[in-house]
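Read the figures in this text as sums done on the coordinates, not as results from a lab. Just so you know, these numbers come straight off a predicted model, no measurement behind them. Note that we place each Cβ from the backbone using ideal geometry, even for glycine, and neighbour counts take in every protein chain shown.
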Amino acid sequence: MDSSTALWRNTTHDWARSVDADHLASVRRDPAVFAPGGLRHLILEVLAYAADEAECSGAGRCTVTLHADGSVSVADGGRGTDTRLDDRGRPVKKPVMATKDLRFFDHPDAQLLPDGHSRRGMSVVAALSEWLVHTNRRAGGAWIQRYEHGVPTTDLTPVAGDGTTGTTVHFGPDASVRAAGGAPAPGELAALTAVWPYLGVEIDDRRA
């Protein structure tokens, strides 16, 4: 990243680092701790960000799609992930996928997710996914980026705007996550997400 990013105020993530390889490796070494129960927990980690956004704006909706290939996508209509321009005019997205969430990771009193396990952040989902594609639509632009086990494999690539804002996270969980447990049934997932009063969740099950 440009040296100017080191001066940006850190709230949830460290702007000065684009990738924390040691952090991602530590997550991959212990999937039982960071994805207890398997895919269910990773889905809730992503939904927690949509719930944050919905609470901030007073209401929000998202769609969880359970794909036939075992992957999952979560799409919300929020403001999109914070993306700024560095001193050279290049877009820089907050490194939510490849660095730890400063609010939750390593904090023993971190927020609990609806499954009763600690929230650790989006980097857990990225680290424990064979691949993850993050589509980010903001008022000032839209971009897409692909990751493999949390490490970016493409640059932040502009895409055409469609008049909307929001974030779509589409990920394919790795073998360790699949072995620990698959996606919950739509009814179970709906019951779990009911604890977020500001977030409406639609579930699109395409596995049949």
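Data for the structure
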| item | result |
| --- | --- |
| Evaluation of Asp115 against (1) surrounded by 18 or more Cβ atoms within 10 Å (Cβ to Cβ); (2) in a loop (DSSP other than H, G, I, E, B); (3) of a type outside the set (A, V, I, L, M, F, W, C); (4) in contact with a Leu (Cβ under 7 Å, 6 or more places away or on another chain) (one fails), failing number | (1) |
| Test: residue in the range 122-138 that is more than 16 Å from the chain's Cα centre (by Cα) and part of a loop (DSSP other than H, G, I, E, B) | no |
| Any hit, the range 65-74, residues being in contact with a Gly (Cβ under 7 Å, 6 or more places away or on another chain) and not in a loop (DSSP other than H, G, I, E, B) | no |
| Subset of the range 119-134 that is surrounded by 19 or more Cβ atoms within 10 Å (Cβ to Cβ) and touching a strand residue (DSSP E or B) at 6+ places or on another chain (Cβ under 8 Å) - its residue that is farthest from Arg40 (Cα to Cα) | His134 |
| Subset of the range 154-190 (residues that are out of contact with any His (no Cβ under 8 Å at 6 or more places or on another chain), in a loop (DSSP other than H, G, I, E, B) and of a type in the set (Asp, Glu)) | Asp155, Asp162 |
| Which listed residue is in contact with a Ser or Thr (Cβ under 9 Å, 6 or more places away or on another chain), among the basic types (Lys, Arg) and farther than 19 Å from Arg146 by Cβ, from Arg40, Arg9, Arg119, Arg88 | Arg88 |
